[in-house]
1. In nm, to one decimal, how far is the modelled label at R112 from the one at D67, with both set 7 Å along Cα→Cβ?
2. Along the range 106-113, what does the Karplus equation 6.51 cos²θ - 1.76 cosθ + 1.60 (θ = phi - 60°) give for ³J(HN,Hα), rounded to whole Hz, x for Gly and Pro?
3. Which aspartates and glutamates, if any, have their Cα less than 12 Å from the Cα of K109, not counting same-chain residues under 8 positions apart?
4. What ³J(HN,Hα) values, in whole Hz, does the Karplus curve 6.51 cos²θ - 1.76 cosθ + 1.60 give for the range 56-72 when θ = phi - 60°, with x put for Gly and Pro?
5. Let me check the size of the range 6-147 from its C-alpha atoms; what are the radius of gyration and Dmax in Å?
6. By average Cβ neighbour count within 10 Å, what is the ranking of 143-149, 83-89 from highest down?
7. Under a point-charge model restricted to the Cβ atoms of Lys and Arg (+1) and Asp and Glu (-1), what is the dipole moment magnitude of the chain relative to its Cα centre, in debye to the nearest 20?
8. Taking amide H positions as placed in the peptide plane 1.01 Å from N, state which residues far from I87 in sequence (5 or more) or on other chains have amide H under 5 Å from it.
Amino acid sequence: MQPQPTRVLMVCLGNICRSPMAEGILRHRAAEAGINIEVDSAGTAGYHVGEAPDRRAQQAMAEQGMDISGLRGRQLKATDLDTFDLILVMDHSNLRNTLALARTDVQRKKVRLLLPDANEVPDPYYGEMDGFRAVFDMIDDAAGELLRNTLK
Ligand code: 4NP
């Protein structure tokens, strides 16, 4: 019998820029590597629930051959800490807000920053297209690392 695929949740603030990009990148790279995982994303805030990813996020992904136009924003909920095995957040603010929903040590241990060494994926929302391309590269490196180590 196949083991259950690891369930990974990517989390940012609005769920229209960084975390849907992270969802699309990890899904794409896992498929390329033949690694069976489930990936979703959510925002700690509810401002963009039901919206497609930001146009610039869609464009940065399309430039790399990845299509996230079908994703829709949703807000992080407490039950996500039970449903998912690994919850990867983009910055320290997301980390605080996600941990605020945790009630048990099992839940808390699932939550960590996506990037190593306490680095953040910066919020590109108020910047230019180049910021989205930089975010793509950071997340893509982290996804490669995850697939080589944690999720292999
Ligand atoms: P995200 O970017 O957290 O990477 O999705 C943002 C999107 C929207 C807002 C902030 C950040 N906002 O303030 O509406």
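The values are calculated or read from the model by the stated rules, or taken from the named source; none is laboratory data. Bear in mind the structure is a predicted one, so any value in this text is a computation, not a measurement. We place every Cβ from the backbone using ideal geometry, glycine too, and count neighbours over all the protein chains shown. With ligands, DNA and RNA removed, areas are computed over all heavy atoms of the protein, side chains included. Shrake-Rupley method; radii C 1.70, N 1.55, O 1.52, S 1.80 Å.
1. Going by the 7 Å Cα→Cβ label model, 3.4 nm.
2. For the range 106-113, the Karplus-derived couplings read 4, 5, 4, 5, 7, 9, 7, 5 Hz, x marking Gly and Pro.
3. List returned: D82, D85.
4. 6, 5, 4, 5, 4, 6, 4, 4, 9, x, 10, 10, 10, 5, x, 6, 9
5. 13.7, 41
6. By packing density, highest mean first, the sequence is 83-89, 143-149.
7. Dipole size: approximately 540 debye.
8. L9, V111, R112
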